[in-house]
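Q: Questions regarding the structure given below will be posed in turn.
A short reminder: the numbers here are calculations on the coordinates, not readings from a lab. Keep in mind that what you see is a predicted model, and the values were worked out from it rather than measured. Positions of Cβ are generated from backbone atoms using ideal geometry, with glycine treated the same way; all protein chains shown enter the neighbour counts.
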Amino acid sequence: MRKRWGIGARRGQISAAWSACHASEPVACGAAFGQREAVSEAVTKGIRVTVESVFLPERSSPRKGQYWFAYRVRIENEGAHAAQLKTRHWIITDGNGKVQEVRGEGVVGEQPLLAKGESFEYTSGCVLETPHGTMHGTYQMVRPDGEQFDATIAPFLLAVPNTMN
């Protein structure tokens, strides 16, 4: 498995926050890692995409309408053939229904090629104007024979603890 920490100049801050959250109690970090509400998972043509999210209270400023979240993505090739991640498409929706779409080449500066049984993991983040929202999307994958397909990123929740009923 290869790992990569993401989002440009904030790379160290997001990965450090993620590590601190994983080392602490879930309440201290703002999300319950490993619980089903914090995890999404989808499999498309043998590509499993799993996402965990966490609220980052130390980066957030609720009075300014800035709620920071980190998310960790693991992409696993459980299929019989290699596949390369070429592009990403994220749909981010805040609690007011405001939608942002993010499209781009690869993830965290890479376009990982995953042979059968390989995985790639990275961490990134986003900021919302509300204390909760959702993300979902797709990764465009390409097989060595040229077959292209969109691997689904199932919806996952971004939420400040104790703000959802």
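Q: At residue 43 and residue 84, where each label point lies 7 Å from the Cα along Cα→Cβ, what is the point-to-point distance in nanometres?
A: For the pair residue 43/residue 84, the computed spacing is 2.6 nm.
Q: For the range 75-136, what is the relative contact order in percent, using Cα pairs closer than 8 Å and at least 6 residues apart in sequence?
A: 45
Q: If you don't mind, there's one more thing I want to ask. So how far apart, in nm, are the two label points at residue 145 and residue 121 if each is 7 Å from Cα heading toward Cβ?
A: 3.2
Q: Next question, about the same structure. List the aspartates and glutamates whose alpha-carbon lies under 18 Å from that of residue 64, not counting same-chain residues fewer than 8 positions away?
A: Qualifying aspartates and glutamates at Cα under 18 Å: 94, 129.
Q: Near residue 90, within a Cβ-to-Cβ distance under 12 Å, what is the net charge of the other residues, with Lys and Arg +1 and Asp and Glu -1?
A: Numbers: positive: 88, 103; negative: 101.
Local net charge: +1.
Q: Name the long-range amide H neighbours of residue 60: under 5 Å, sequence gap of 5 or more, or other chain; modelled H, no Pro or chain starts.
A: Counting only residues 5 or more places away or on other chains, the set is 68.
Q: A further question on this structure: Quick one: compute the contact order of the range 111-165, relative version, from alpha carbon pairs under 8 angstrom and 6+ residues apart, as a percent. Numbers along the way, then the final one.
A: Details: 49 pairs, mean separation 17.9, N = 55.
Reported as a whole number, the value is 33 percent.
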